[in-house]
Each structure stands twice: as C-alpha cells, then as structure tokens.
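Presented below is the structure to which this report refers.
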C-alpha cells in the first residue's frame, strides 16, 4: 500500500501519497515525536540544486538546507544526491498543496509503483519542529510511523497549517519557485501523477553562493 506522506486537515482528507508501505493519514498511537521549538533555521554552507531533465520547460530549483533543524534528514538528502539516487526520478505526485518526488521506483516503466519506494538505507527518525509550512518549504515524506522518512520529499505550493509539526522540515526553496509552480501545473495527469514524466536529471550539492 502506498505511503501517504502528508495529511491536510480538511474535508479533502488525504492529498498525498509517497514512499513505502503504509499510509500517513495520522500518527500511530504511541509514536509521538519530540518537537524542536524556538529554533530559527540556519542555512547550511551548501545548497541543493535540482536540475530538471527538460530544463527549457522546468529550469532549476535551488534549496537551502537546515542541518540545525533536521540534521539526519539533511545528511540523508545530501548523501542520496551525491550517490545519484535521485537522478532520473520524477515528481510523481502533484496537487494543489505540493509537488512530491524522490522515489527511486519512479525511474522504472511501471507508473503504478510510483510513490511506494524508498532508498536501500534505513529510515530516518522524525525531526519535527515548530517551523511553519509556508510556501516553498521542503519536507520529508513518510508513512504512518513518524520515523519512516527515507528518500522522498515534497515542496509546498502555499501555506499548509495542517502539515505543521507533523512532517520534518529540512529546507526551503530560495530560487526557482516559479519553476515549482510550472511543474505543479503540468497536464494531463492520471489522478495526481503526470502522464508524461516530470523527471529530475540530477540533484547537485554545491557550496552556497
């Protein structure tokens, strides 16, 4: 069963699905995670640059990363990027709230498994904070277990109060939000999955300008 990485607290119920078996409609009993409070994000001295396969249409997206907020998820994201795990993956899930990608299974020819995969590495424990899910925030997709983030990530298109303190925030778009919005408007879609793959060519980790 596909993971549902984000819940939106509205009559729409579930908007997202993501990375491994299970669902993230709600936190499982007894799995409450500590919430880091009152800590302002400090950008790393490295940024992530998402280069899209169709660069003429989708350009690049630059993300600052917050190791002081979510050190384990930032470390995992950088590690997977440097290993090329994200190369050739797609933004497999697009809806009015987010674009979501990072599933290694989205590289294959079976669209039905998009959103169910993860890397071969262990899951990353929750690193929740009181930062707000505003436009351009980068969060970690997960399953029903708070501690099931792995490789998948999402970028918010607008303020999403229902996501606050429920999903690890580990970065924010600092350049290319217009490209995120272009991706969010891709048509046609099969449900929330673009029929024509919106593919990431590579994610580079570079020194901050």
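Quick notes on this structure:
- Beta carbons closer than 6 Å, at least 6 apart along the sequence or on distinct chains, pair a first residue in segment 61-81 that is under 15 Å from residue 41 (Cβ atoms) with a second that is in a helix (DSSP H, G or I) for 65/74; 67/74.
- The number of residues in segment 153-174 being out of contact with any helix residue (DSSP H, G or I) (no Cβ under 7 Å at 6 or more places or on another chain) and assigned to a loop (DSSP other than H, G, I, E, B) comes to 7.
- Cβ-Cβ under 9 Å pairs, at least 6 apart or on other chains, segment 184-198 side on the phi < 0 side of the Ramachandran plot, far side exposed (fewer than 10 other Cβ atoms within 10 Å of the Cβ) and modelled with pLDDT of 95 or more: 194/187; 194/188; 195/187; 195/188; 196/188
- Scanning segment 136-151 for residues that are in contact with a strand residue (DSSP E or B) (Cβ under 8 Å, 6 or more places away or on another chain), over 16 Å from residue 95 (Cα atoms) and at pLDDT 95 or above yields 140, 142, 146, 147, 148, 149, 150.
- Segment 49-71, residues that are within 19 Å of residue 133 (Cα to Cα) and in contact with a helix residue (DSSP H, G or I) (Cβ under 6 Å, 6 or more places away or on another chain): 61, 65, 67
- Flag for residue 40 being within 18 Å of residue 139 (Cβ to Cβ) and assigned to a strand (DSSP E or B): no
- Residues that are in contact with a helix residue (DSSP H, G or I) (Cβ under 9 Å, 6 or more places away or on another chain) and either buried (at least 24 other Cβ atoms within 10 Å of the Cβ) or in a loop (DSSP other than H, G, I, E, B) (or both), drawn from segment 107-121: 114, 115, 116, 117, 118, 119, 120, 121
For every residue, the table says whether it meets (1) surrounded by fewer than 24 Cβ atoms within 10 Å (Cβ to Cβ); (2) on the phi > 0 side of the Ramachandran plot; (3) touching a residue at least 60 places away in the same chain (Cβ under 8 Å); (4) in a loop (DSSP other than H, G, I, E, B).
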site: 92; (1), (2), (3), (4): no, no, yes, no
site: 105; (1), (2), (3), (4): yes, no, no, no
site: 131; (1), (2), (3), (4): yes, no, yes, yes
site: 135; (1), (2), (3), (4): yes, no, no, yes
site: 139; (1), (2), (3), (4): no, no, yes, no
site: 143; (1), (2), (3), (4): no, no, yes, yes
site: 151; (1), (2), (3), (4): no, no, yes, yes
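The values are calculated or read from the model by the stated rules, or taken from the named source; none is laboratory data. Not measured: the values here are computed from a predicted model. Cβ sites come from the backbone with ideal geometry, for glycine too, and all protein chains shown count toward neighbours.
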